[in-house]
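Here the structure is laid out as structure tokens; the discussion comes afterwards.
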Amino acid sequence: MTHFQQWSKVTPKEKSSMVQSEIEEEEQRRAKALELSRQEAWMKWNLPERKITWAELWRMEPFRISFMLRSVYDTLPSSSNLHQCGLIEESSCKLCGQRGTMAHILSGCKVALIQGRYRWRHDKVLKHLAEILDIEIKKNRPSNTEAKQIRFVREGDTRHATKSQQHFILDKGSEWNIRANIGKKLVFPECVQTTLRPDIVVWSQSLKMIVAKELTVLEERCEEAYQRKKGKEHRAADNM
């Protein structure tokens, strides 16, 4: 906190030393995590790593940061953790009686599932994503029929050709519609006959394109959920 080196103000040799020390520190952190019986569970998740910037941390609420970090390292006050620390007599879940681990409480309790607690959390996240997509859909976008500019290069010029910029899928047109399966009330667009109900459907009649999205919040079973929902999407495509 009192002494640090700025990357832009150090010599190439010092940059090499900084990179090497960073790699060594990361390896030590992972080795330490592997020694822990439960706190290393995050290393088994088949998920892309999330990089959080200092700007994002400053905008987050303190309790949100605390919950995010403690959930990753399994230090939340679950029944199992409180029992292990000797703070409560039983480690069972108060709803179903099974062992109240963090994974069980967050996504594995059958009683909570039946009562709609997980559905409530699911719909909260889904509503937020749908609102963001709705804002993007309503933005004024250029027509895809507009002529593209062509840059000519003189003979013998050594300039490299500019790479084509990747566009958001919504940039392909301006007539998009969206529906979200909040409260299990989604009705699939009339252009497809199917009984499947994905979480979000975005479609364009003019482009004859449909985008279906599924929300999954299952860290350790993410791959299993992905394969199951991918199969559902393939069956829906067969009906198109």
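No value in this document is a laboratory result; all are computed from the given coordinates. In this text the structure is predicted, and so the values were computed from the model without any measurement. Note that each Cβ is placed from the backbone with ideal geometry, even for glycine, and that neighbours are counted across all protein chains shown.
What to note about this one:
- Per the Kirkwood formula applied to alpha carbons, region 1-95 shows a radius of gyration over Rh ratio, Rg over Rh, of 1.10.
- Between residue 99 and 93, the built amide H atoms are under 5 Å apart, and every one of these is 5 or more places off in sequence or on another chain.
- Each label point was placed 7 Å from the Cα along the Cα-to-Cβ direction; for residue 154 and residue 69 their separation is 5.8 nm.
- Sequence ranges 4-14, 177-187, 97-107, ranked by mean other-Cβ count within 10 angstrom, highest first: 97-107, 177-187, 4-14
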